[in-house]
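Take a look at the structure set out below.
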Amino acid sequence: MLIIRALARSGTSLYNLSDSDDTRVLENALEENSLLKDVGHAGTSMRFLTAYLSTQAGEFELTGSQRMKQRPVGPLVDALKQLGADIEYLENKGCPPLRIAGGGLKGGAIEIDAGISSQFISALMMIGPGVAGGLHIKLKGEVVSATYINMTLALMNLCGAAARFEGKEISIPEAIYSLDEFVVESDWSGASYWFQMAALLPGSEILLPNLLQDSLQGDAVLPELFVNLGVNSSFGEQGLLIRSSQVELPEHFEYDFTGCPDLAQTFAVTLCALGIPFRFTGTTTLRVKETDRLAALGKELGKVGFVLQEDPSGEWLSWDGTRCEPEQNPLIATYHDHRMAMAFAPLAIPLGQVVIDDPGVVSKSYPGYWQDLKKAGFGIG
């Protein structure tokens, strides 16, 4: 919504914006006059700004943290160059930092690999109405996280676009964005840790405000998935109320996380703690997140006694019930990844306590996480 508002050159108010680092980074980058934009660890901001700045007059440098300089942006840059963008890699080919000489893009048909990140596709989609002649995007290969593409499409069309997504083609006619005051949905990904806590502590009752039943977010599958773990959900005027109870747990859990990859860490930790073997597919994109999340899960769950198996190419992650000797007083590393910290913290319920390294990393998406845990009765020290 911040990108759409900027493309519309609108001063319209957006309400219920997250106070996360990613949101603040993007807001600052859009508002400040500096030609140097540093997004830190914010991968979404990097991808969206790469496309956005390509439409803006001027020459910009877009950079980020050391980890960000390792994260791929090549497919997006290649697609933008098909539209006439002038973009140069300043260090390693295929990765930030970038020099972007913006303006003068022309529409038409482009192709992009859809198997790496849906953010590349969303970034292109959002600039589509503003390029001369509109945009027609052909997706190559397996489409990962199509739920995020559909979310982008729905928000664009709410703001005056007339985009269509059919099969592996996205058509975006030239148009002018127009938006009124807008209330942004709360984050289902952040809600997942409360579902996790409820599952680990039967008898819990938690109210999660501003979550919508008819959500555009792929992670809104949480109620459907957690009901098998004893967590029941009901929507009311104040938001979503979740209640957990003791139930007979499944002997095995299998799920394709292609549409909701940000839930994989939550479920891996939860299922291990509940003693439920699992096999996840649709996990390829987890290799190129804030860290290699598959490797990180394997290493950190190993510290507390669980031996995970993973496909070298990232196609699947599993646990067959194999245990190992847990470390004495393990320190859970977070690898600059907010979701590692938040997914492992609820292990304090079955283990008595857990020690998280670099707890401030949660500010990327959920700055109030530790304060909210205190409200729920956890001791944070």
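The values are calculated or read from the model by the stated rules, or taken from the named source; none is laboratory data. The model shown is predicted, which means the values in this text are computed figures rather than measured ones. Cβ: placed from backbone, ideal geometry, glycine included. Neighbour counts: every protein chain shown. Side chains are part of the model used for accessible areas, which takes the heavy atoms of the whole protein and leaves out ligands, DNA and RNA. Shrake-Rupley method; radii C 1.70, N 1.55, O 1.52, S 1.80 Å.
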Take Ser318 and decide whether it is exposed (fewer than 15 other Cβ atoms within 10 Å of the Cβ) and either outside any helix (DSSP H, G or I) or not hydrophobic (A, V, I, L, M, F, W, C) (or both). no
Given the conditions (1) more than 19 Å from Leu2 (Cβ to Cβ); (2) out of contact with any strand residue (DSSP E or B) (no Cβ under 7 Å at 6 or more places or on another chain); (3) surrounded by 19 or more Cβ atoms within 10 Å (Cβ to Cβ); (4) not small (Gly, Ala, Ser), report the number of the one that Gln66 does not fulfil. (3)
Out of all the residues in the range 225-242, which are open to solvent by 70 Å² or more (accessible area, probe 1.4 Å) and more than 18 Å from Gln196 (Cβ to Cβ)? Phe235, Glu237, Gln238
Among (1) within 25 Å of Val73 (Cα to Cα); (2) free of Cβ contacts under 8 Å to residues at least 12 places away in the same chain; (3) open to solvent by less than 50 Å² (accessible area, probe 1.4 Å), the one test that Pro312 misses: (3)
Filter the range 22-63 down to residues that are surrounded by 22 or more Cβ atoms within 10 Å (Cβ to Cβ), assigned to a helix (DSSP H, G or I) and not hydrophobic (A, V, I, L, M, F, W, C), then give me how many there are. 6
Is there a residue in the range 84-97 that is crowded, with 23+ Cβ neighbours inside 10 Å, touching an Asp or Glu at 6+ places or on another chain (Cβ under 9 Å) and touching a residue at least 24 places away in the same chain (Cβ under 8 Å)? no
Could you check the range 118-221 for helices (runs of 4 or more DSSP H) lying wholly inside it with 1 or more residues that are open to solvent by 20 Å² or more (accessible area, probe 1.4 Å) and modelled with pLDDT of 95 or more? 146-158, 188-200
For the range 286-315, give me the residue count where each residue is under 20 Å from Phe120 (Cα atoms) and among the hydroxyl-bearing types (Ser, Thr, Tyr). 1
In the range 207-259, residues that are in contact with a Lys or Arg (Cβ under 6 Å, 6 or more places away or on another chain) and not polar (S, T, N, Q) total 1
Return yes when Arg293 is surrounded by fewer than 20 Cβ atoms within 10 Å (Cβ to Cβ), touching a residue at least 12 places away in the same chain (Cβ under 8 Å), basic (Lys, Arg) and under 26 Å from Val354 (Cα atoms) and no when it is not. no
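I'd like to verify a number: residues in the range 363-377 that are of a type in the set (Gly, Ala, Ser), open to solvent by 40 Å² or more (accessible area, probe 1.4 Å) and under 14 Å from Tyr193 (Cβ atoms), how many?
Result for the range 363-377: 1.
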Would you confirm, using the coordinates I've provided, whether Glu315 is closer than 30 Å to Glu248 by Cα and acidic (Asp, Glu)? yes
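Looking at the range 311-334 only, could you name the residues that are within 23 Å of the chain's Cα centre (by Cα) and at pLDDT below 95?
Selection gives Asp311, Pro312, Ser313, Gly314, Glu315.
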Can you tell me which residues in the range 350-362 are part of a helix (DSSP H, G or I) and surrounded by fewer than 18 Cβ atoms within 10 Å (Cβ to Cβ)? Pro350, Leu351, Pro359, Gly360
Please verify whether the range 299-320 includes one or more residues that are hydroxyl-bearing (Ser, Thr, Tyr) and over 26 Å from Thr281 (Cα atoms). no
Positions within the range 151-181 being under 22 Å from Ser215 (Cβ atoms), out of contact with any helix residue (DSSP H, G or I) (no Cβ under 8 Å at 6 or more places or on another chain) and touching a residue at least 60 places away in the same chain (Cβ under 8 Å), in sequence order: Ala154, Asp180, Glu181
